[in-house]
1. Tilt of helix 71-91 relative to the longest C-alpha principal axis of the chain, in degrees (0 to 90, nearest 10)?
2. How about the stretch 1-101: which GluC sites (Glu not before Pro) there are in a DSSP loop, with at most 14 other Cβ atoms within 10 Å of their Cβ?
3. What residue among Thr134, Gly155, Ala144 has its Cα farthest toward the positive end of the dipole of the stretch 125-168, where the charges are +1 on Lys, Arg and -1 on Asp, Glu, each on the Cβ?
4. Is the stretch 176-304 rounded, prolate or oblate when judged by the Cα gyration tensor, a ≥ b ≥ c being the square roots of its eigenvalues, rounded requiring a/c under 1.5 and prolate requiring a/b larger than b/c?
5. Using the Karplus curve 6.51 cos²θ - 1.76 cosθ + 1.60 with θ = phi - 60°, work out ³J(HN,Hα) for each residue of the stretch 2-19 in order, rounded to whole Hz, and write x for Gly and Pro.
6. State the percentage of accessible surface on the chain attributable to carbon and sulfur atoms; use a 1.4 Å probe and exclude ligands, DNA and RNA.
7. Please give me, ordered by residue number, the trypsin sites (Lys or Arg not before Pro) of the stretch 170-241 that lie in loop per DSSP and have at most 14 other Cβ atoms within 10 Å.
8. What angle, in degrees between 0 and 90 and rounded to the nearest 10, separates the Cα long axis of helix 147-157 from the longest principal axis of the Cα atoms of the chain?
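The values are calculated or read from the model by the stated rules, or taken from the named source; none is laboratory data. Since the structure is predicted, the reported quantities are computational estimates derived from the model, not experimental observations. Here the Cβ is made from the backbone with ideal geometry for all residues, glycine too, and neighbour counts use every protein chain on show. SASA here: full protein model, heavy atoms, side chains in, ligands and nucleic acids out. Shrake-Rupley method; radii C 1.70, N 1.55, O 1.52, S 1.80 Å.
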Amino acid sequence: MSAWNNTLTAAGITDPQLRRDYSVQRRLVRQYRRSAYLACRVLLPPAVLPHVVAATAVMHHGDTLLDSGPKPERAAAWDAWEERVRTALETGASDDPLIRTLLHTVGTYPRHREAVEAYLATAAAELAFDGFATEADYQAYVDAYSLPAFLPIAGLLGPESDTDGRFRAACRTLIDGSQRLDFVNDLAEDLREGHPGIPAETLKRFSVTVADLEAGRASDGLRSLVAHEVEVARADLRSGREVLGLMPPAHRPMVGALIEIELMTAEAVLARGTGVLRGSASPSTAGTLKLLLGARRAAVRAQR
């Protein structure tokens, strides 16, 4: 039996159809989130791994619908998907392999349903994204879209309850750093789509215009802007480590490794500087593997 089949069994997923459904999502996640999947595969307990994979696949599918094609088509596609998911949550059945994994994960982790429903209620905010005028607009976006999209995955790894709101607050800090880093790292792609994710008031503070960016002008102002955004993101990512102390010990190595990969990405973006106008930066594969192997060894030692 393969390691993945053993993982499905450890997670209590024994129905042949469901095993195939989860396996499909695993292949997809492994393709588009290779580093994150590897961290999960190496560091997460088998009992939770398929559920995190399924939640990641659901979020990715939603992101794709919200980001792909003309806005009217995106809106229609999202509305149809949301209706299918809500109907499945009400009836407990679906003919969609992805939704079937979602239903099973909700059955295994009942708290997951609330996070999914909150995401469904707010995700259409992404359709309204057309850039930000102010930092306050960016922060509103994090509250309306980034955090609700993060919590269905984070909630599977967090505490059973969060009555004091500390876990949610720590997740909010973490995703703020991650989202800000994404926006500066994906500047070239966002410019092609006509809406940079860096607020206009921030661009103005560093004497950078959208016209400069579209023309590929690598100014000192842009270099300072990239350094500023990376430093703010890095501060939030470091503060976001608070989530580690609020989740079960078995989940900490993987989440800690993902935070460190984000911080490595921040270093790569800082090193690229104005080169972000030509494309995004990422940590070296060797550096990522070294980090994951070190985290794996530390996790094994902690279990002894």
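1. 20
2. none
3. In the stretch 125-168, that residue is Gly155.
4. prolate
5. Rounded to whole hertz, the list is 5, 4, 5, 4, 5, 5, 4, 5, 4, 7, x, 9, 10, 5, x, 5, 5, 4.
6. Whole-percent figure for carbon plus sulfur exposure: 53.
7. Those that pass, being in a loop and sparsely packed, are Arg217.
8. So the inclination is approximately 40 degrees.
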